[in-house]
Every structure is written in C-alpha cells, then in structure tokens.
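Bear in mind that the values in this text are calculations on the coordinates, not laboratory data. What you are looking at is a predicted structure, and each value in this text was computed from that prediction instead of being measured. Positions of Cβ are backbone-derived with ideal geometry, glycine not excepted, and every protein chain shown enters the neighbour counts.
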Amino acid sequence: MTLKSVTLKDVARAAGIHYSTASRALDPAKRKLVNAATAAHVRKVAAQLGYNQDMVARSLRRGQTNTVGIVVPDFENPTWAAILHGVTSALERSGYVGLLGETEDDHDRYQRLLEKLVGWRVDAVVSMATRLSDGPYLREFASRGVPIVLAIRTLPGEGFVNITEDSVLGAAMAAEHLIGLGHRSLAQLRGPSQVQTFEDRGRGFVRAAANHGIDVLETVGTGATPTYEEGRRLMGLLLDRDAAPPTAVFAHNDLMAIGAMDALAAREIRCPADVSVVGYNDSPLVEHVRPALTTIRLPAAELGQLAGTSVVKLVERAEDPPESTFLPPTLVVRASTASPRPR
C-alpha cells in the first residue's frame, strides 16, 4: 500500500481557505500578507496533516535556494557556538538553511570557501571570519550581487553591513577595572593584527590606560589564530623579559587568557595574587576554570540573531534595509582579578 503525500491543496481544504492563501501563510517571505490568526491556523493544520513543503519547487519558483553560507574562522573556539545558534535560528524562522564552513584564519582558504558557496548558489553569506586583508577580494565578491553581512569581524568604511560589538569600549572596561583595583603595571596579549576586532581591543585598552598616565606593555601575535596555545606562548614571552612581570594582563579573548593563566601557573606565579588576568567574550565554561575568569561579555546570541535577520532582509530586499549595528559589551568580574600585592 502506497501512502499518499499531503499536498498544499489538502492543507487549504482542511483549513477551509483558498489555495493561494494557504501558500502565502506557509511562505515566510509572504506570511505578512495574511492575517496573523489565519497564518497560525494554517500552520497548525499543516503540522497536523504532516505536510512538508517541496523546498526544491519553491526555490525554482522564486529563483532562490533558500540557503545562506555561514563562514567562521575556528570551530574549536566555543564562543562561536552561541553566535551560530543565533544566526541559524533567525534563518530558520524565515525559511532559510545555513551552510557552514571554517577558514582556519587563512586568507586563501577564505576565498576558496566563498567561491564554493557561490557555486552552491547560496542566496547570501554571513561572514564571521573576515580579515582586513580580505577587503579587496570582498569588494569584488560583493560586486557580483551576492548579499553579504559581516558579523563580529568587520571592515569599517567599506560599505558593508557590519554586525558586531563595541570592542574599543569593552577593552576600555577591562583597563578601567584593573586600574580601579590599583594596578599600574599593565600588559596585553594581542590577537592577530589583521582582524579589526583585535585592533579595536588593543586601541581601547591602550587609550584607557593612557588616560590614567599608564603605559601598556604589549606582546603582539604572529598573525596566527587566537588560541589557547597562542596565549600561553605570548605570556611566556612576557615572562622571559629581564624584568618583573606586570601585575595585570588583558588577553584579547578567553582562550588566550586561559593559556596565559596556565603559563603563569607553570612558573609558579599565582593568579590573581601575583598577576591578575582579564579575558574577552565570556565563552562557555570560563566561570569553571580556577580561578574563574574575569572577562568582557560579548552579546553573542543577540549578535547572531541580528546577523541572521539582517542577511534575510538583504536577500528579500525588505522595505527597511538592515543597518550596521554595534552592541555594547559588559564586564563580568570573577576571581581572576584582585588588587595588586606590594612587591
């Protein structure tokens, strides 16, 4: 016995409405044309009947694939999980599916990935892996008519829709927190210089310290991905100097901060008794390291939601086009920072 699949006509008949009304009610792009109560009724009837939309047919009718490419730099960094959840949930509400790829912070891999996504005929791209050196390529890429939103890692002044947080403000919060505790010997472990986010964090921390007449000791990354290993390496370079270590360190993300804390522990330098450490992002589980990490909280889920809704507006050419957005971060104080002890 062959089971007959439920059609849109079956749904319309069961809901007691015209076929075209049922079609609009089940199409996220046209749902606003239908009374909200009617649309909810149609969706309920469709679910009860077990109706599944023919996405291929719908895509052919609209000339779209209902897919959006999502590009991240590093799957191993847990910060991206909340951001990705926000993006994909926003896409799903509008009837889109995300295709995910990783660049490993490599410019050539970034280009190859975007070209492959174009080959798969995605309707748009959300890029979270943009480096400053990608600017010329992205301008050419955008000229082909593929909508693109830059999330977290942005290119200011290039005309793209940028969805990110105020990293200058966040880094200044870190500096003010440490200075408020009494620290006057500050250092920062920088992320890759080719990423606007880390450039902003570096500038914000130095500027806030300078407002108090304090110079910042810096170790600059090699351009590698900002990982635990990189944070441990940079902290080691800082400790190898023929001078007393700083009393407080700001790392440009939480993975680097945890690497720095382990580098301190390896040399029997206590955190925060000898050196306080601040991270950035408030990644999952950082409150469970010992000592629990003081950090700047990135509004990750909200940024992901904004990126997802913004890219849908670009695809559907909404009447209210998306604008660049910079959300404020917040300081989360935990056990890895304290007032400096007399030396």
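Could you work out how much longer the chain between residue 40 and residue 20 gets when fully extended? Use 0.36 nm per residue separation minus the Cα distance between them, nm to one decimal. Can you show the working numbers first?
Numbers: separation 20, 0.36 × 20 = 7.20 nm, distance 1.53 nm.
So the extension gain works out to 5.7 nm.
Just from the alpha-carbon atoms, what are the Rg and Dmax of region 167-298 in angstroms?
In Å, with Rg to one decimal and Dmax whole: 13.0, 36.
Need one number: nm distance between label points at residue 339 and residue 6, each 7 Å from Cα along Cα→Cβ, rounded to one decimal.
The two pseudo-label positions are separated by 6.7 nm.
What full-extension length gain, to one decimal in nm, is calculated for residue 85 and residue 166 as 0.36 nm per residue of separation minus the Cα-Cα distance? Kindly include the intermediate steps, with their values, before the conclusion.
Values: separation 81, 0.36 × 81 = 29.16 nm, distance 2.08 nm.
Roughly 27.1 nm would be gained on extension.
How big is the equivalent ellipsoid of region 102-180 along its three axes, where each semi-axis is √(5λ) from the Cα gyration tensor, reported in whole Å from largest to smallest? Let's see the in-between values first.
Numbers: eigenvalues 178, 34, 22 Å².
Sorted largest first and rounded, they come to 30, 13, 10 Å.
Rg/Rh for the chain: what does it come to with C-alpha atoms and Rh from Kirkwood?
1.10
Roughly speaking, what is the centre-to-centre gap between region 230-282 and region 141-192 when only Cα atoms are used, to the nearest Å?
Here the two parts' Cα centres lie 21 Å apart.
Evaluate the charge dipole of region 85-222 about its Cα centre and quote only its size in Debye, nearest 20, assuming +1 on the Cβ of each Lys and Arg and -1 on the Cβ of each Asp and Glu.
Using Cβ point charges on Lys, Arg, Asp and Glu, region 85-222 gives about 100 debye.
For the chain, modelled as a Gaussian network with Cα springs under 10 Å, which listed residue fluctuates most, 267, 190, 233?
Result: 267 has the largest fluctuation of those listed.
Connecting C-alpha atoms closer than 10 Å in a GNM of the chain, tell me which of 278, 45, 168 has the biggest fluctuation.
Largest GNM mean-square fluctuation: 45.
Using a Förster distance of 35 Å, how high is the FRET efficiency between residue 93 and residue 218, based on the Cβ-Cβ distance and rounded to 0.05?
Approximately 0.20, to the nearest 0.05.
How far apart, in nanometres, would the label points at residue 288 and residue 137 be if each is projected 7 angstrom from Cα along the Cα-to-Cβ direction?
Here the answer is 3.6 nm between the modelled labels.
Please express the shape of region 63-140 as an equivalent ellipsoid: the semi-axes are the square roots of 5 times the eigenvalues of the C-alpha gyration tensor, given largest first in whole angstrom.
20, 17, 9
Under the definition of Cα pairs under 8 Å and six or more residues apart, what whole-number percent is the relative contact order of the chain?
So the answer I get is 17 percent.
What FRET efficiency, computed as 1/(1 + (r/R0)^6) with R0 = 25 Å and r the Cβ-Cβ distance, is obtained for residue 52 and residue 317, rounded to the nearest 0.05?
0.35
In region 107-216, which chymotrypsin sites (Phe, Trp or Tyr not before Pro) are in a loop and have at most 14 other Cβ atoms within 10 Å, using DSSP for the loop call?
Answer by residue number: 120.
Report for the chain the percent antiparallel among DSSP-assigned beta bridges with both residues inside it, nearest 5.
The answer is about 10 percent antiparallel.
Taking 0.36 nm per residue of sequence separation and subtracting the Cα-Cα distance, how much length would be gained by fully extending the chain between residue 330 and residue 32, in nm to one decimal?
Value of the extension gain: 103.7 nm.
Under a point-charge model restricted to the Cβ atoms of Lys and Arg (+1) and Asp and Glu (-1), what is the dipole moment magnitude of the chain relative to its Cα centre, in debye to the nearest 20?
Rounded to the nearest 20 debye, it is 1360 debye.
Peptides 93-106, 321-334: what's the order by average Cβ count within 10 Å, highest mean first?
Going by the mean number of other Cβ atoms within 10 Å, highest first, we get 93-106, 321-334.
Taking H placed 1.01 Å from N in the peptide plane, check which residues at least 5 places from residue 67 or on another chain put their amide H under 5 Å from its amide H.
When sequence neighbours closer than 5 places are left aside, the close amide H contacts are 97, 123.
Apply the Debye scattering formula to region 8-53, with a single equal point scatterer on each alpha-carbon and no solvent, then give log10 I(q)/I(0) at q = 0.17, 0.18, 0.30, 0.34 Å⁻¹.
Log10 I(q)/I(0), no solvent term: -0.35, -0.40, -1.15, -1.42.
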